[in-house]
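This report refers to the structure that appears directly beneath it.
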Amino acid sequence: MAALDLLAKRARQVAAGLFAEVPSPCISVCRMDPNSEVCEGCFRTLDEIAEWGRMEDAGKREIWLLIAQRLALTPALSQRERE
């Protein structure tokens with residue numbers, strides 16, 4: 001399964017409340033896209049990455065929701081989900 005697919009799956013699991021503690025979306029692919037200003041690995045902004053360790057679980061779930069929304073706009077993932 002591709003990294004984007006795994007990230008999308010994890011976002012769905014977090015949204016469904018399947019984790020007692022909200023996991024980090026980091027997949028150790030730390031490259032910022034200069035156009036979107038989000039990490040190409042975890043789809044978080046620099047501010048979201050910096051704040052993650054200090055956030056309560058509710059805030060982390062909000063970030064996961066934003067990640068899911070960003071992933072939905074990613075052409076490669078959207079096409080695979082339609083197939």
* Out of the residues in region 25-41 that are in contact with an Asp or Glu (Cβ under 8 Å, 6 or more places away or on another chain) and surrounded by 14 or more Cβ atoms within 10 Å (Cβ to Cβ), state the one that is nearest to residue 6 (Cα to Cα). => 40
* To do: Could you check residue 78 against (1) out of contact with any helix residue (DSSP H, G or I) (no Cβ under 7 Å at 6 or more places or on another chain); (2) at pLDDT below 95; (3) of a type in the set (Gly, Ala, Ser); (4) not in a loop (DSSP other than H, G, I, E, B) and say which number it fails?
  => (1)
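Residue-by-condition table, conditions (1) assigned to a helix (DSSP H, G or I); (2) at pLDDT below 95:
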residue	(1), (2)
12	yes, no
25	no, no
29	no, yes
43	no, no
51	yes, no
* Structure fact -> Taking region 42-71 and the residues there that are surrounded by fewer than 12 Cβ atoms within 10 Å (Cβ to Cβ) and hydrophobic (A, V, I, L, M, F, W, C), the one that is nearest to residue 12 (Cα to Cα) would be 58
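The values are calculated or read from the model by the stated rules, or taken from the named source; none is laboratory data. Keep in mind it's a predicted model, so treat the numbers as computed, not measured. Using ideal geometry, Cβ is built from the backbone for each residue, glycine included, and neighbour counts are taken over all protein chains shown.
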